[in-house]
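Colleague: Dumping the structure here so I can ask a few things about it.
The values are calculated or read from the model by the stated rules, or taken from the named source; none is laboratory data. A quick note: this is a predicted structure, and the numbers were derived from the prediction, not measured. Here the Cβ positions follow ideal geometry from the backbone for every residue, glycine too, while neighbour counts run over all protein chains shown. When the accessible area is computed, the model is the full protein with side chains, heavy atoms only, and any ligands, DNA or RNA have been set aside. Shrake-Rupley method; radii C 1.70, N 1.55, O 1.52, S 1.80 Å.
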Amino acid sequence: MKTYKYAAVIGIDGMGNFNFQTETPNLDRIFEHGAVNGSAISQNPTISAQNWGAMLLGAAPLVHKLTNGIVSNEHYTNDALPSVFKMIRESDPDCYLASVCNWNPINHGIVEEGLGVEKLTASNDKELTPLIIECVKKKPKFLFVQLDDVDGAGHSGGYGTEHHLEEIRRADGYTGEIYNAYREAGILDDTLFIVIADHGGVRNGHGGYTDTEKYVYMGISGEGVKEGIIPYSETRDIAAIVLYALGLPVPEYNEDGFTSQIPENIWEGTKPYYRKPAEKTVIPVRETPQNIYDFIPEDKVKLLMHLDNSLEDRTGKCTFEEKGTVKFYSNGVNGGCGEFGKTGFAITEDVHFGEENFSIAFWVETDSSITEAPALMGNQDWWWQSRKNKGLTVALRCNDVMFNISNGNDHLDTVVPFPKEAEDGWMHYIAAFDREENEVRFYNNFKLRHKITIPDGYLISYDTDYPFVIGNDGKGIYNNVSHDFIFRLDDVLITAFAFNDESTESLRKYYYGE
């Protein structure tokens, strides 16, 4: 394979693969004989920081832990997971490096300080492009560009609308200017040129994992690149592609660290792409009924609903009022299950989240066709865009569960993706709020998947003026106003302790008859 002297990544924020719905003569020209994937996979959640971070750090969002809020307010300092810029700098102390981004949090919170990387920004892509061209004249060993106006058009006018497509055409023009600058600088033949989107969108937003959000365009051009289709690639593969192209070592694949890979069919001789086997949920089968209190402390259980043809709380501590019609089915995980959402939900005034630890646990039947975020349960107004609705909500999306807490001034979302390539079906979920350890732990199918530090100002009571609702938000409105959300739950459990690895394993043994 040819080792390139230079690499350029042009990121078009919010383009997804909507470029195929309009005219993009420059992309067509640049990648006519290159390698292209029109359905590369965005990271989950499909949000900017999570994906630009994945590209530059080569790791999944649950590993690099960057969010839009973090990159906007904190400099990136994780030496154990260096950026591509840092790895290049360590190999070549004197080379010129540049990061030119309309959305400046990339420069602030993903590209490390003190590397000698020229960091430039502007208020729009038109003003940004001349700055990029000036950088190209200096022959950067690695140039990273982020164009942002396409995403702005998606948010303001809707993804896939003419307004959005018009901005994609403009971005195509800017890309052509950048590509021509490489030719004029006399370095095009020694450059690997990449164009990629971080995510797409649906209606006026993104963050979920529907097809128009998660599928993005990736085009790779350069001398020696194979002409054709890249069979599979993800946004986080940019790191490995750039390092490999520049002749630098690519870190070993590590589920807890660097997982960027070189996709197949870009160059001859690269190793096959590793894809983690699908993790399927095995439905528990118990030969004889077991008492859950043999596995977790009875005095710490605040709510236990088996949903076997009723809304009965087995602890006797909570009484529920049914709104609409909650339907019951026999094919749950532990006996029957309940169907909630637009057609019916349950309300109680007896569940409280005061100053103690707590956990929320349940089985949910996942549905990859969901396009928004139905509220599975909670005690806050789920019109959370105001960011001022104190309380908590647990919401289901097509490929993850979202846990939201608000202190009345701001809110914190934590997204926990389902196991990679998991199929639709029953999934167990636990959110464990631990005040002593100052963290929230998230378990999926009885495995610890993620944990976050509870920020200052969030160690509060989460009781609100709204009741606790199962099957909707605290106002009992979100799932049945302009939405058709219907979903199934089984074994809703709320405790006055925070599940840890040991107690989670005990709960697993209860379900699996061990």
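Colleague: Among residues belonging to the stretch 70-115 that are of a type in the set (Ser, Thr, Tyr) and not in a loop (DSSP other than H, G, I, E, B), point out the one that is farthest from Lys137 (Cα to Cα).
Modeller: Here the answer is Ser72.
Colleague: Tell me yes or no: at least one residue of the stretch 222-232 is of a type in the set (Lys, Arg) and more than 30 Å from Asp413 (Cβ to Cβ).
Modeller: So far as the stretch 222-232 goes, yes, one or more of its residues are of a type in the set (Lys, Arg) and more than 30 Å from Asp413 (Cβ to Cβ).
Colleague: With at pLDDT 90 or above, on the phi > 0 side of the Ramachandran plot, of a type outside the set (S, T, N, Q) and part of a loop (DSSP other than H, G, I, E, B) as the only criterion, which of Gly474, Gly457 stands out?
Modeller: Step by step, each of Gly474, Gly457 is checked, and only Gly457 is at pLDDT 90 or above, on the phi > 0 side of the Ramachandran plot, of a type outside the set (S, T, N, Q) and part of a loop (DSSP other than H, G, I, E, B).
Colleague: Right, something else. Quick one: in the stretch 312-362, which of the residues that are over 16 Å from Val469 (Cα atoms) and under 29 Å from the mean Cα position of the chain (by Cα) is surrounded by the fewest Cβ atoms within 10 Å (Cβ to Cβ)?
Modeller: Only one residue tops the list, namely Asn357.
Colleague: Let me ask something additional. Please enumerate the residues belonging to the stretch 1-25 that are open to solvent by 10 Å² or more (accessible area, probe 1.4 Å) and touching a strand residue (DSSP E or B) at 6+ places or on another chain (Cβ under 8 Å).
Modeller: Correct list: Lys5, Tyr6, Asn17, Phe20.
Colleague: Residues of the stretch 479-510 being farther than 28 Å from Lys327 by Cα and part of a loop (DSSP other than H, G, I, E, B), which ones?
Modeller: Once the filter is applied, which keeps residues that are farther than 28 Å from Lys327 by Cα and part of a loop (DSSP other than H, G, I, E, B), the stretch 479-510 yields Ala496, Phe497, Ala498, Phe499, Asn500.
Colleague: Starting from the stretch 315-334, take each residue that is touching a residue at least 12 places away in the same chain (Cβ under 8 Å) and of a type in the set (Phe, Trp, Tyr) and list its partners that are part of a loop (DSSP other than H, G, I, E, B) and surrounded by 16 or more Cβ atoms within 10 Å (Cβ to Cβ), counting only C-beta distances under 9 angstrom and pairs at least six apart or across chains.
Modeller: From the stretch 315-334, the pairs are Phe320/Leu311; Phe320/Asp313; Phe328/Leu307; Phe328/Asp308; Phe328/Gly336; Tyr329/Gly336.
Colleague: What is the number of the single condition among (1) open to solvent by 60 Å² or more (accessible area, probe 1.4 Å); (2) touching a Cys at 6+ places or on another chain (Cβ under 6 Å); (3) farther than 27 Å from Gly207 by Cβ; (4) not basic (Lys, Arg) that Ser368 does not meet?
Modeller: (3)
Colleague: For the stretch 451-497, which residues satisfy the criterion of being open to solvent by 30 Å² or more (accessible area, probe 1.4 Å), closer than 26 Å to Ser330 by Cβ and not β-branched (Val, Ile, Thr)?
Modeller: Within the stretch 451-497, Asn480, Asp484, Arg488 meet the criteria.
Colleague: Can you name the residue in the stretch 414-450 that is of a type in the set (Asp, Glu) and either open to solvent by less than 50 Å² (accessible area, probe 1.4 Å) or in contact with a helix residue (DSSP H, G or I) (Cβ under 7 Å, 6 or more places away or on another chain) (or both) and, of all such residues, is farthest from Gln43 (Cα to Cα)?
Modeller: Residue satisfying both the conditions and the ranking: Asp434.
Colleague: Select the helices (runs of 4 or more DSSP H) contained entirely in the stretch 155-251, then report the ones holding at least 2 residues which are crowded, with 23+ Cβ neighbours inside 10 Å, out of contact with any strand residue (DSSP E or B) (no Cβ under 6 Å at 6 or more places or on another chain) and touching a residue at least 24 places away in the same chain (Cβ under 8 Å).
Modeller: 162-184, 238-245
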